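The values are calculated or read from the model by the stated rules, or taken from the named source; none is laboratory data. Note that the coordinates shown come from a computational prediction; the quantities given were computed from them, not determined experimentally. Cβ placement follows ideal geometry from the backbone for every residue including glycine, while neighbour counts extend to all protein chains displayed.
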Amino acid sequence: MAHRDTQDLNVLAIDTSSRHRTVCISTADDGTLRRADVRDGGAVSTAIPESLAALLADGPGAVIVVDGPGSYTGVRAGMAAALGVAHAGGLPLYTVGALTVVASGVPAGDAPCWLATDAGRGAVYIARLGPPDGWHRSTPVPRRAIAASLQLEGLPVYSADSLPLSGLRRIDPAAALAGAVPAALARAPVEPAGLTAVYIS
């Protein structure tokens, strides 16, 4: 799939990596949020078609999907939906990591901190965001850990999920996904055969 000029694109972004919600948004290529459809709970197989129906009328010029880590079923469902939209419209397809999305919701100057999402069964996917002169917001490296065993060094923890972690600061999942759009578009689009989910055991 050829790389396209992303200037002034309307971008459809899909995040179904969470066990708790489905997030589909329409943004400008600079991440300015235009419309959001956030659905808490319920089956992802039902939520995605309903969310997309509300946003496809905006005429997307590119598609972004969160490729994990996260819910096995959710990530796969979101990727399938993104592939379908991209293929049907001949649109470039981009990916972004779940913790990169969380990083995009961290206020400027709040690093160092932790980024986390729910991994189920008392575990989290977590990555440390270092000081401003030594970290790259677009490339946090996640690991899976039991929440109760984490040593968080007194640093704040940012997440869109309600987690049993001290220092938790909740972020808006739609705004965070919009904030990750420029980083995703800065990468080369993926070919359908190269679209793979990120799973961490």
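Pairing each residue of segment 99-127 that is touching a residue at least 60 places away in the same chain (Cβ under 8 Å) with any residue that is of a type in the set (Asp, Glu) and in a loop (DSSP other than H, G, I, E, B), provided the two are 6+ apart or on different chains, yields C-beta distances under 6 Å for 117/161; 118/161. Counting only strands (runs of 3 or more DSSP E) wholly contained in segment 90-201, no element carries 2 or more residues that are of a type in the set (Phe, Trp, Tyr). The residue list 73, 95 contains one member that is exposed (fewer than 15 other Cβ atoms within 10 Å of the Cβ) and of a type in the set (S, T, N, Q), which is 73. Criterion applied to 193, 180, 175 was being among the hydrophobic types (A, V, I, L, M, F, W, C), at pLDDT 95 or above and within 20 Å of residue 75 (Cβ to Cβ), and the one residue passing it is 180. Looking only at segment 51-70, which residues are touching a residue at least 12 places away in the same chain (Cβ under 8 Å) and either surrounded by fewer than 15 Cβ atoms within 10 Å (Cβ to Cβ) or part of a helix (DSSP H, G or I) (or both)? Passing the criteria: 51, 52, 54, 55, 56, 58, 59.
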